[in-house]
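The structure appears right after this line, and notes come after that.
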Amino acid sequence: MMIDFRTDPSRYRHWKLRCEGATATLAMDVDEGGGLEPGYELKLNSYDLGVDIELNDAVQRLRFEHPEIRSVIITSGKERVFCAGANIRMLAQASHPFKVNFCKFTNETRIAIEDATRNSGQFYLTAISGSCAGGGYELALATDYILMADDRSTSVSLPELPLLAVLPATGGLTRLVDKRRVRKDRADFFCTTAEGVKGKRAVDWRLVDEMVARTQMSEAVARRATEFAARSDRPANERGILLGPLLRDIGAQTIKYDHLAVELDRQRSVATLTVSGPARPAPSREELHNLGCEFYPLAVARELEDAILHLRCNEETIHTWVFRTRGDAGLVYSYDQLLIENSGDWLVREIRLYLKRVLKRIDVSSRSIFALIEPGSCFAGTLFEIALAADRTYMLRGTGRGEQLPPSAIWLTEMNFGALPMGNGLSRLASRFTGEPKQTDELHKRLGAEIDATLAEQLGLVSFTPDDIDWEDEVRLAIEERAAFSSDALTGMEASLRFAGPETLETKIFGRLSAWQNWIFQRPNAVGEKGALKLYGTGRRAEFDARRA
């Protein structure tokens with residue numbers, strides 16, 4: 001079954017979105033029979049990938065379609081339960097790659113919620129009534145304020161370790177100690193106690209922010225939402241833009257969008273993604289708003305994101321992604337200038353933040369990533385960020401034989417110097433030159449200047465610069481070599497090398513936590529025939545290998 005990440009509110013089965021004034025409410029009301037695949041029921045507001053695809057879409061639409069929304073309440077549409085977390089039977093029957101991709105996507109969605117609070121002026125808070133377990137509590141942790149009903153049935157818990165022999169895979173451990181500053185001994189107790197914590201202890205330990213009598217919950221949540229909305233700088237009277245249907249044509253070996261073409265070579269395990277540059281110069285700020293989702297940077301971001309998610313989940317055996325571009329670098333530069341000069345505009349801000357999130361999806365994808373800069377390429381500014389995200393970049397020196405295209409060139413813009421940071425908080429240039437921090441200052445002097453292959457190599461912007469005689473052989477051998485290596489070892493190596501510099505909540509989640517969860521998901525204690533995840537709900541007790549590894 002092909003997983004499709006495209007959806008819209010008219011097709012939601014699991015979430016109810018309501019907007020009133022400056023506040024939106026996202027109520028989780030999971031359809032038990034609405035799982036992506038047969039074999040499990042989504043009871044107790046437990047979720048699978050389909051539930052999170054809708055959540056991701058709702059978070060995105062609130063940012064672009066509702067500039068008036070300043071606070072977002074996440075709550076449950078069911079009585080006496082908030083969310084039981086990821087559906088255990090779904091996890092038990094899923095393949096290992098699916099489980100890992102599922103956890104990665106849910107992590108990205110929760111980080112997008114935090115990004116909306118921090119950078120978009122949409123403050124997220126959670127109202128918990130009833131049991132809030134595992135991934136349900138991890139969803140609450142992604143918001144910046146948690147209200148909890150003060151009754152005998154409401155509790156929060158991360159029971160994955162004692163019940164399933166796995167970890168809270170959506171950043172729960174990291175957010176406890178790094179975001180909410182829970183003391184490590186209390187976090188240790190909390191994560192090994194299946195029944196969780198409730199009442200005053202939950203507040204005292206900073207697991208939640210506020211206890212409210214159940215009868216006063218609605219009033220308290222509305223009051224807090226109003227308080228947080230008052231701090232926002234989002235415009236009250238601007239018109240949002242509709243994120244219309246994303247057009248895509250999938251063939252046997254191709255995926256085509258308006259500005260992106262993907263060619264699949266399954267025999268060589270390679271996907272080639274070619275981004276086409278804009279066809280016309282950047283519009284005015286007023287025209288930008290009228291263009292809506294057809295505005296080139298936004299359109300490209302949507303297409304790239306969909307292609308990345310599609311390749312991750314539906315083309316698991318494609319080991320290597322090769323990025324190319326085609327077009328006029330000067331036109332790309334004009335769009336970057338528009339994004340830079342109008343950074344105070346709410347829509348421009350959202351587009352820049354969206355580009356940042358899409359590029360981060362490349363950073364954390366467990367694929368080998370190459371970029372090829374050739375005659376006729378338009379790796380300028382924002383599109384050059386794709387090359388900077390690559391594990392290796394090859395740039396052809398000179399022009400290809402018989403080609404009438406301009407020589408290979410790179411253009412730097414202000415978008416390369418902090419506007420699109422990685423998960424470590426640094427620009428990709430700063431991450432690239434952690435051993436030469438002054439190099440980014442030198443590169444900033446070359447804004448808007450055409451940089452040819454010889455200079456690009458001298459400046460450290462590319463890996464190799466073969467001429468047209470060696471180009472095809474060098475690129476082919478590099479790709480073939482990659483396919484011969486262990487995919488597991490490559491995933492570990494690439495994830496370790498991509499995030500030089502400071503460690504942040506995000507790098508901990510996608511580097512350390514994801515790596516350990518990836519390993520634990522394959523261990524017999526969790527997924528073996530006598531493992532806890534396999535036996536959950538059967539009444540049989542798991543049998544563990546007691547050796548510590």
*Highest first, please rank the peptides 435-441, 177-183, 502-508, 127-133 by the mean number of other Cβ atoms sitting within 10 Å of their residues.*
127-133, 502-508, 177-183, 435-441
*Once Rg and Dmax of the Cα atoms in Å is worked out from the coordinates, which option in (i) 24.9, 82; (ii) 29.2, 95; (iii) 23.9, 78 does it equal?*
(iii)
*Going from most exposed to least, what order do Asp391, Asp345, Asp488 have by accessible area with a 1.4 Å probe?*
Asp488, Asp391, Asp345
*Please state the charge dipole magnitude for the range 24-163, taken about the Cα centre, from unit charges on C-beta atoms (+1 on K and R, -1 on D and E), reported in debye and rounded to the nearest 20.*
220
*Find the accessible area per residue for the range 359-500; the probe is 1.4 Å, ligands and nucleic acids are left out, and the unit is Å².*
42
*What does a probe at Arg392 reach in the range 314-357, counting residues whose amide N is under 13 Å from the point 7 Å along Cα→Cβ?*
320-322
*Choose one of Tyr12, Thr23, Gly50: the residue whose Cα lies farthest towards the positive end of the charge dipole of the range 8-60 (beta-carbon charges +1 Lys, Arg; -1 Asp, Glu; about the Cα centre).*
Thr23
*Under 17 Å from the Cα of Lys179 - aspartates and glutamates, other chains or at least 8 residues apart*: Glu108, Glu114, Asp115, Glu138, Asp144, Asp188, Asp204, Asp209, Glu210, Glu503, Glu506
_Treating only the Cβ of Lys, Arg, Asp and Glu as charged (+1, +1, -1, -1), what charge dipole size does the range 401-549 show about its Cα centre? Round to the nearest 20 debye._
1480
*Mind putting a number on the dipole of the chain about its Cα centre? Charges go on the C-beta only, +1 for Lys and Arg and -1 for Asp and Glu, and I need it in Debye to the nearest 20.*
2140
*Among the chymotrypsin sites (Phe, Trp or Tyr not before Pro) in the range 473-549, which ones are in a DSSP loop with at most 13 other Cβ atoms within 10 Å of the Cβ? Mind listing them?*
Phe485
*What order do Ser377, Ser366, Ser496, Ser486 take when sorted by accessible area (1.4 Å probe), most exposed first?*
Ser496, Ser486, Ser366, Ser377
*Within the accessible area of the chain, what % is carbon and sulfur when the probe is 1.4 Å and the other protein chains stay in place?*
49
*Out of Gly539, Ser365, Leu447, whose Cα points farthest toward the positive end of the dipole of the chain (charges: +1 Lys, Arg; -1 Asp, Glu; placed on Cβ)?*
Gly539
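So in the chain, what percent of DSSP beta bridges are antiparallel if you round to the nearest 5?
The answer is about 35 percent antiparallel.
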*With the dipole of the chain worked out from charges on the C-beta (+1 for Lys and Arg, -1 for Asp and Glu) around the Cα centre, which of His289, His259, Ile308 lies farthest toward the positive end?*
Ile308
_Rounded Å value of the spacing that divides the Cα centres of the range 220-271 and the range 57-79_ = 15
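Can you work out the accessible area per residue across the range 137-192, with the rest of the protein chains kept in place, probe 1.4 Å, in square angstrom?
36
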_Set the bar at 22 Å for Cα to Cα. Now go through Lys43/Lys78; Lys99/Lys256; Lys184/Lys360 and name every pair that lies beyond it._
Lys99/Lys256; Lys184/Lys360
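Order these peptides, 425-431, 250-256, 489-495, by their mean beta-carbon neighbour count within 10 angstrom, highest first.
Packing proxy ranking, top to bottom: 425-431, 489-495, 250-256.
Only loop residues by DSSP count here, and only those with at most 11 other Cβ atoms within 10 Å; note down the GluC sites (Glu not before Pro) in the range 65-128 that meet that.
Glu79
The values are calculated or read from the model by the stated rules, or taken from the named source; none is laboratory data. Just so you know, these numbers come straight off a predicted model, no measurement behind them. Cβ coordinates were reconstructed from backbone atoms using ideal geometry, including for glycine residues, and neighbour counts include every protein chain displayed. Protein only, heavy atoms only, side chains kept; ligands, DNA and RNA dropped before computing areas. Shrake-Rupley method; radii C 1.70, N 1.55, O 1.52, S 1.80 Å.
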